[in-house]
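The values are calculated or read from the model by the stated rules, or taken from the named source; none is laboratory data. Everything numeric here is computed off the predicted structure, so don't read it as measured data. All Cβ positions, even for glycine, are placed from backbone atoms using ideal geometry, and neighbour counts span all protein chains on display.
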Amino acid sequence: MADRTYLDWPFFEAHHASLARELDEWAACILPPIVEAEGAEDRLDDTCRALVRALGEGGWLRYCVPASHGGMHEALDVRSLSIIRETLARHSGLADFAFAMQGLGSGAISVFGSEALRAEYLPAVARGQKIAAFALSEEEAGSDAAAMRSTLREEGGEFILNGEKLWISNGGIADFYCVFARGEAGVSAVVVDADAPGFSVPERIDVIAPHPLARIRFDNVRLSRERRIGEEGKGFKVALSVLDIFRTTVGAAALGLARRALEEAGTRVLTREMFGATLADLPIAQASLAEMALDVDAAALLVYRSAWVKDTQGRRVTREAAMAKLHATEAAQQVIDKAVQLFGGLGVTKGVKVEELYREIRALRIYEGASEVQKIVIARQLLEGLKRELAERDAEAASGPAPLVAAGGVA
């Protein structure tokens, strides 16, 4: 059983603890028949569709959209999203993926979409009836999204979309894509349905932890102006605002994987006999467990600090989210690696949970901003703050010393 004492921290409200408990019970019952069925990995697309349907029927996808269109909360609650991703990831990385993409893929519509777009897509997302995708990255525009080459031009009162996107999660199974492309006024965001003429999926991409991933192409895809999300030329604002919500939850998913690795390792060392005792009796194993527990709690503090700030203060959490994502994913990699080491040869055997976790964690250090990019973000935020402080000091010095006031108010 996973540690839930962190839910007593002041970051949370009573409904968050209830959410964690109820989802954990649901996941333990509903997910194994889907993700552990014989051939589930070979039928990846069908498995992901089944997960989305199950999450919709369970009511969990309601947390991905606002209450005005079938959601659970008036605005997206990052603490709830994070708890859900942590819990699902602890049970199944693929289930976490299915949930996360419903939120990320429709997030631009939730935050910036017109009333018509919200009504058309969000209720179906919440019910698990439409699968969403977020299409930002390109072959030469991954971390450097400003280098994108996909184009969006106006012609006869319509938009004409051309270009390719790469490493698109849910590529090939999504019902619609929130796509970012460059026009005369700058980058804009648009919604493209999977059955739009000119849309194609020329390549499916296999990765070490099987998830639906693809290259997608747009050949003169015609879109009405009503398909645009947000203001023209403000696509980067749309993308960054959505990532500002969901980047923290990537750290939460990593936290869930790390918690599962710690659980598996704890059970292993308590039951593995070695040198006339159990592995748990060896100081070196105890040291590994201590380091793992420390990394898990530190990651949880950063993740839920970021989520709490976003939910309660309503401001951008660029720095907090970058710290949460960076530390949680890097720490989870180390925690899972230690778990594999404690399992020995069994730890790299296909079908053993820690081997699955080892494959699942690797991509989280790359997508939604690689670790190296998060370091740049954190450093820039730090330096900008220091520059502001220095400027304020210089301004105060230039204005001269404050007059001395004697007792009684007479200078």
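Please indicate, with yes or no, whether at least one residue in region 115-136 is more than 24 Å from the chain's Cα centre (by Cα) and either touching a residue at least 60 places away in the same chain (Cβ under 8 Å) or in the same structural domain as SER371 (by TED's automatic domain parsing) (or both). For region 115-136, residues more than 24 Å from the chain's Cα centre (by Cα) and either touching a residue at least 60 places away in the same chain (Cβ under 8 Å) or in the same structural domain as SER371 (by TED's automatic domain parsing) (or both): present.
The requirement of being more than 28 Å from SER137 (Cα to Cα), in the same structural domain as ARG260 (by TED's automatic domain parsing), among the hydroxyl-bearing types (Ser, Thr, Tyr) and touching a helix residue (DSSP H, G or I) at 6+ places or on another chain (Cβ under 8 Å) is fulfilled somewhere in region 284-293, by at least one residue. Look at GLU138 and say whether it is of a type outside the set (Gly, Ala, Ser), in contact with a Leu (Cβ under 7 Å, 6 or more places away or on another chain), surrounded by fewer than 23 Cβ atoms within 10 Å (Cβ to Cβ) and closer than 18 Å to LEU240 by Cα. Yes; evaluated as a whole, the condition is true for this residue. Considered as a group, the residues in region 35-71 that are without any contact (Cβ under 8 Å) to a residue 12 or more places away in the chain and of a type in the set (A, V, I, L, M, F, W, C) include one that is farthest from VAL111 (Cα to Cα), and that residue is ALA37.
Residues of region 344-356 include at least one that is modelled with pLDDT of 90 or more, more than 24 Å from GLU273 (Cβ to Cβ) and surrounded by 13 or more Cβ atoms within 10 Å (Cβ to Cβ).
Going by what's in this entry, would GLU38 be described as in a loop (DSSP other than H, G, I, E, B) and over 16 Å from ARG260 (Cβ atoms)? Can you show your working first?
Numbers: in a loop (DSSP other than H, G, I, E, B): yes; over 16 Å from ARG260 (Cβ atoms): yes.
In short, yes.
Of the residues contained in region 366-383, one or more are found to be hydroxyl-bearing (Ser, Thr, Tyr), at pLDDT 90 or above and in a helix (DSSP H, G or I).
For (1) farther than 29 Å from GLY266 by Cα; (2) outside the structural domain of GLY172 (by TED's automatic domain parsing); (3) more than 21 Å from the chain's Cα centre (by Cα); (4) among the aromatic types (Phe, Trp, Tyr), each residue gets a yes or a no:
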| position | (1), (2), (3), (4) |
| --- | --- |
| ALA28 | no, yes, yes, no |
| GLU36 | no, yes, yes, no |
| ASP46 | yes, yes, yes, no |
| GLY56 | yes, yes, no, no |
| GLY59 | yes, yes, no, no |
| SER68 | yes, yes, yes, no |
| GLU74 | yes, yes, no, no |
| SER82 | no, yes, no, no |
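Scanning region 259-293 for residues that are farther than 20 Å from TYR358 by Cβ and surrounded by fewer than 13 Cβ atoms within 10 Å (Cβ to Cβ) yields a count of 10. Looking across region 29-58 at every residue that is closer than 23 Å to VAL78 by Cα and small (Gly, Ala, Ser), the one that is surrounded by the fewest Cβ atoms within 10 Å (Cβ to Cβ) is identified as GLY58. Please verify whether region 270-278 includes one or more residues that are among the acidic types (Asp, Glu) and over 15 Å from the mean Cα position of the chain (by Cα). Scanning region 270-278, I find at least one residue that is among the acidic types (Asp, Glu) and over 15 Å from the mean Cα position of the chain (by Cα), so the answer is yes.
Filtered by the rule that a residue be more than 16 Å from ASN170 (Cβ to Cβ) and assigned to a loop (DSSP other than H, G, I, E, B), region 118-150 gives GLU139, GLU140, GLY142, SER143, ASP144, MET148, ARG149, SER150.
Does PRO197 fit the bill of being closer than 24 Å to LEU122 by Cα and surrounded by fewer than 18 Cβ atoms within 10 Å (Cβ to Cβ)? Let's see the steps before the verdict.
Numbers: closer than 24 Å to LEU122 by Cα: yes; surrounded by fewer than 18 Cβ atoms within 10 Å (Cβ to Cβ): yes.
Answer is yes for this residue.
Among the numbered conditions (1) in contact with a strand residue (DSSP E or B) (Cβ under 9 Å, 6 or more places away or on another chain); (2) touching a residue at least 12 places away in the same chain (Cβ under 8 Å), the only one that ASP281 does not meet is (2). Of everything listed in (1) of a type in the set (A, V, I, L, M, F, W, C); (2) under 22 Å from the mean Cα position of the chain (by Cα); (3) crowded, with 19+ Cβ neighbours inside 10 Å, the single unmet condition for ALA146 is (3).
Just checking, does region 384-406 include any residue being on the phi < 0 side of the Ramachandran plot, acidic (Asp, Glu) and buried (at least 18 other Cβ atoms within 10 Å of the Cβ)? Before the answer, list the steps.
Within region 384-406, the subset on the phi < 0 side of the Ramachandran plot is 384-399, 401-406.
Of the ones still in play, those that are also acidic (Asp, Glu) are 384, 389, 392, 394, 396.
Imposing the further condition that a residue be buried (at least 18 other Cβ atoms within 10 Å of the Cβ) reduces the set to none.
The answer is no, given that none of the residues of region 384-406 is on the phi < 0 side of the Ramachandran plot, acidic (Asp, Glu) and buried (at least 18 other Cβ atoms within 10 Å of the Cβ).
Taken over region 65-117, the criterion of being closer than 30 Å to ILE336 by Cα, of a type in the set (S, T, N, Q) and not in a helix (DSSP H, G or I) is satisfied by SER92 alone.
Considering only residues that are out of contact with any strand residue (DSSP E or B) (no Cβ under 8 Å at 6 or more places or on another chain) and among the hydroxyl-bearing types (Ser, Thr, Tyr), which ones fall in region 243-278? Steps first, answer last, please.
Looking only at region 243-278, we keep the residues that are out of contact with any strand residue (DSSP E or B) (no Cβ under 8 Å at 6 or more places or on another chain), and these are 243-268, 273-278.
Within region 243-278, THR248, THR249, THR267, THR278 meet the criteria.
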